[in-house]
Amino acid sequence: MLCFPKAKINLGLQVLRRRPDGYHDIETVMVPVPLHDALEVTETTARTDIRMYRTDFLIPAEQNLVYKAWKLMADRHEIKPVLFHLAKKIPSGAGMGGGSSDAAAALVLLNNFFRLDLSTDVLKSYAAELGSDCAFFIESKPALAQGRGEILKNIELDLSSYTIAIVKPLKLFDGQTGVSTPVAYSLVKPDAERASLSDIISLPVNEWRNKLINDFEEPIAQKYPEINFIIQQLYEAGAVYAAMSGSGSACFGLFESKNPALNFSRDFFVHVAQML
Ligand code: C5P
């Protein structure tokens, strides 16, 4: 049984307050994007394992969110060991939810594979235990996310006429391949006294620039000038809106043109596709 876990981007992200449990209350709009991994589940007589393809490094199975998804299911339901094959296309440490999307897909696959008949709401609550943005990927529909990112309200947002360019530095100048989420949170000063994102998102896309803010963008761009370079290049190539996604380091641009003239060197991951 096979599925294609999608990546997401954040359209605006406000860090509202630090919580006593160490997490932060946020408000963000998440939308699925046309970039996906492939995850297959098959039977095995041995232990649950994950074979990963197209990654530079192997994460030990026990630390992988896909394995954690199987373990969570196995603790609560009668399921057997399985073998996962995971082909990675979504970059890691990108702020695109790649790991969370794989984990959510694993929950959905296991639900179908073992005919558990769990509802979408139950799957979402399991997903929220695995990661703050994981519940979004059970349905992967445009949503306003609140709380830790797990409280979702579906919204009407049709970006299907736009072309998206997703650009991420393969390596940041300090040698890191991506941005750590806890580090990104530590760089932001929370502020709960701002207008709701829903009001800004309902404006036409060409009015989002300078209004729709991702709180992580400024501090991460201060640390990594590559971010501002990418966003500037995207605007120069004609993007209607460009920003960093989540805690970075991937950035995206939305274009009216089908073939934006991008000129990034081989030091960047670049993916261009029609929006969903
Ligand atoms: O929930 P997840 O495992 O994806 O979060 C990773 C880390 O990011 C958390 O341990 C926490 O430090 C930070 N985080 C946060 N507030 C959120 C989501 C994540 O502080 N809403």
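The values are calculated or read from the model by the stated rules, or taken from the named source; none is laboratory data. Worth saying up front: this structure is predicted, and the values here are computed from it rather than measured. We place every Cβ from the backbone using ideal geometry, glycine too, and count neighbours over all the protein chains shown. Just the protein is used for accessible areas: all its heavy atoms, side chains included, with ligands, DNA and RNA removed. Shrake-Rupley method; radii C 1.70, N 1.55, O 1.52, S 1.80 Å.
What to note about this one:
- Residue check, residue 165 assigned to a strand (DSSP E or B), open to solvent by less than 10 Å² (accessible area, probe 1.4 Å), within 14 Å of the ligand (Cβ to nearest atom) and aliphatic (A, V, I, L, M): no
- Screening the candidates 167, 179, 122 for the property of being in contact (Cβ under 8 Å) with a residue 40 or more places away in the chain and more than 20 Å from residue 25 (Cα to Cα) yields one hit, 167.
- Test: residue in segment 44-58 that is of a type in the set (Lys, Arg), touching a Pro at 6+ places or on another chain (Cβ under 6 Å) and open to solvent by 60 Å² or more (accessible area, probe 1.4 Å): yes
- Lone unmet requirement of (1) surrounded by 20 or more Cβ atoms within 10 Å (Cβ to Cβ); (2) within 15 Å of the ligand (Cβ to nearest atom); (3) over 22 Å from the mean Cα position of the chain (by Cα) for residue 64: (3)
Here's the yes/no breakdown for (1) aromatic (Phe, Trp, Tyr); (2) more than 30 Å from residue 227 (Cα to Cα); (3) within 16 Å of the ligand (Cβ to nearest atom); (4) free of Cβ contacts under 8 Å to residues at least 40 places away in the same chain:
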| position | (1), (2), (3), (4) |
| --- | --- |
| 16 | no, no, yes, no |
| 47 | no, yes, no, yes |
| 68 | no, yes, yes, no |
| 81 | no, yes, no, yes |
| 94 | no, no, yes, no |
